[in-house]
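Taken together, the values in this text are just the output of simple stated rules run on the coordinates, not laboratory data. Keep in mind the model is a prediction, meaning the values are calculated, not measured. Virtual Cβ from ideal backbone geometry, glycine too; neighbours counted across all protein chains shown.
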Ligand code: FAD
Ligand code: DHB
């Protein structure tokens with residue numbers, strides 16, 4: 001039997017960042033992760049960090065490589081009707097975003113945690129959580145063939161959408177809100193220079209396409225695909241042809257093709273559970289909410305939850321007051337629903353939903369309106385760079 005103050009389930013960005021921030025404030029945690037370290041470090045996911053996320057990573061002491069290697073983007077492009085219209089984030093919202101892969105964020109956090117002797121247990125199987133409603137939370141798991149028991153004050157459920165923490169809450173105590181989109185994203189990573197300096201989101205009659213990057217020599221591209229699309233139906237050549245067909249001509253011409261080093265399909269959904277806490281269990285990041293990737297918000301929203309939870313735990317251990325902890329869910333959800341709304345809106349604006357020409361005309365009218373309205377551009381810019389952080393209610 002082991003004891004810790006906070007048991008953290010999941011070593012994705014949420015779990016690692018929470019554990020690191022708690023450590024810097026003298027709060028002990030144990031992180032249990034189902035996968036191996038190399039598996040977690042290799043997962044290719046998000047690429048865009050809001051300034052608020054960058055600042056939190058600095059606060060966590062993992063900002064140095066990020067500061068050096070990130071690409072700062074002052075704007076992004078909206079492709080439609082053959083043109084590439086620039087949204088000037090810096091001018092409209094006073095902030096930029098940083099391109100720095102989630103793989104790098106995870107690696108930096110993992111290195112920092114292990115350097116300070118963190119209790120990080122990889123390949124922890126059969127994790128269960130009990131006693132969360134009675135003030136004596138216990139986490140049980142197996143590791144290396146042996147059963148273990150971890151006693152703690154609080155459990156942070158940072159175990160993603162498919163994790164067990166959300167399922168540990170009685171069904172009657174939690175409500176889920178969901179929208180599943182009738183398509184997915186097929187993503188390709190390739191060691192070729194990016195087509196553009198800034199990210200481009202393209203609306204096209206053939207379906208959505210997007211140009212992103214990880215560095216000046218590594219590109220990340222996505223195209224909308226069917227939900228049940230098979231990866232093996234997409235040779236590199238077919239992907240490049242389809243990508244270029246969906247981009248404005250000037251962008252398509254600038255695409256450098258090359259062999260893919262990763263190719264994957266992600267389904268798109270919006271999902272939120274309320275509340276995000278039950279007794280001494282707190283759900284964080286993808287365990288509590290999913291957004292479609294169109295606004296690059298998933299990772300940033302997870303970091304925003306961590307910000308609220310670590311401050312609440314610090315207050316609890318410093319002063320004995322559980323006031324911020326009690327308001328964790330309420331505080332987080334105010335931001336979450338605004339981000340869910342933005343991601344849903346941006347997804348609806350940019351994707352092909354069916355062959356309904358009326359719906360496509362409405363999208364084009366919305367985009368045309370955007371190009372002529374400073375108010376509409378400011379709205380998209382301030383959401384994209386990240387909304388201000390709420391104070392607890
Ligand atoms: P996760 O990263 O999911 O981490 C959860 C961790 O918990 C994992 O390491 C998992 O192995 C572990 N775990 C799960 N179950 C258990 C268990 N029972 N016991 C112990 N450990 C467990 N966001 C963007 O902004 N842009 C993108 O392009 C983008 N692409 C994405 C592509 C995919 C395929 C996915 C799944 C997500 C993508 N996201 C993207 C979302 C973004 O990556 C997530 O929002 C972010 O990873 C959330 O971090 P997290 O730590 O909350 O959850
Ligand atoms: C990336 C992913 C996104 O969802 C997005 O909106 C922007 C960039 C990326 O993987 O680079």
May I have the pair-distance distribution P(r) for segment 19-126, computed from all Cα-Cα distances with 5 Å bins from 0 and rounded to whole percent?
-> 2, 10, 17, 18, 17, 13, 8, 6, 5, 3, 1, 0
When only Cα pairs under 8 Å and 6 or more residues apart are kept, what is the percent relative contact order across segment 261-393?
-> 23
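Taking 0.36 nm per residue of sequence separation and subtracting the Cα-Cα distance, how much length would be gained by fully extending the chain between residue 358 and residue 319, in nm to one decimal?
Extra length from residue 358 to residue 319 when fully extended: 8.2 nm.
Take the Cβ-Cβ distance between residue 114 and residue 175 as r, set R0 to 35 Å, and report the resulting FRET efficiency rounded to the nearest 0.05. Mind showing how you got there, number by number?
Values: r = 38 Å, r/R0 = 1.09.
Working from the Cβ atoms, E equals 0.40.
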In vacuum, with every alpha carbon of segment 289-364 counted as one equal point scatterer, what does the Debye formula give for log10 I(q)/I(0) at q = 0.17, 0.20 Å⁻¹? Two decimals, please.
-> -0.71, -0.84
Cα axis of helix 357-372 to longest principal axis of the chain: angle in degrees, 0 to 90, nearest 10?
-> 90
Length gained if residue 261 through residue 143 is fully extended, taking 0.36 nm per residue and subtracting the Cα-Cα distance, is 39.2 nm
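How would you classify segment 143-236 from its alpha-carbon gyration tensor, with a ≥ b ≥ c the square roots of the eigenvalues: rounded for a/c under 1.5, else prolate if a/b is greater than b/c, otherwise oblate?
It comes out prolate by the Cα gyration axes.
Per 0.36 nm of contour for each residue apart, how much would the distance between residue 65 and residue 122 grow if the chain were fully extended, relative to their Cα-Cα spacing?
18.1 nm
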Using a Förster distance of 35 angstrom, determine the FRET efficiency expected from the C-beta separation of residue 90 and residue 274, and round it to 0.05.
-> 0.50
Given the C-alpha centroids of segment 25-104 and segment 232-255, what is the distance between them in whole angstrom?
-> 25
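Of 360, 197, how do they rank once you tally other Cβ atoms within 10 Å and put the fewest first?
With the fewest neighbours first, 360, 197 line up as 197, 360.
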Relative to the longest principal axis of the C-alpha atoms of the chain, give the angle of the C-alpha long axis of helix 13-24, reported between 0 and 90° and rounded to the nearest 10°.
-> 50
Along each principal axis, Cα extent of the chain, largest first, Å | 62, 43, 41
Rg followed by Dmax, in Å, when segment 214-290 is reduced to its Cα trace = 18.1, 56
Taking Cα pairs under 8 Å and at least six residues apart, what relative contact order does the chain come out at, in percent?
-> 20
What share of all Cα pairs of segment 1-47, in percent, falls into each consecutive 5 Å distance bin?
-> 5, 20, 27, 22, 15, 9, 2, 1
Compute the acute angle (0 to 90°) between the alpha-carbon long axis of helix 236-245 and the principal axis of greatest extent of the alpha-carbon atoms of the chain; round to the nearest 10°.
-> 60
What is segment 43-134's relative contact order, in percent, from Cα pairs under 8 angstrom and six or more apart in sequence?
-> 34
Estimated FRET transfer efficiency (residue 5, residue 39; beta-carbon r; R0 25 Å; 0.05) = 0.35
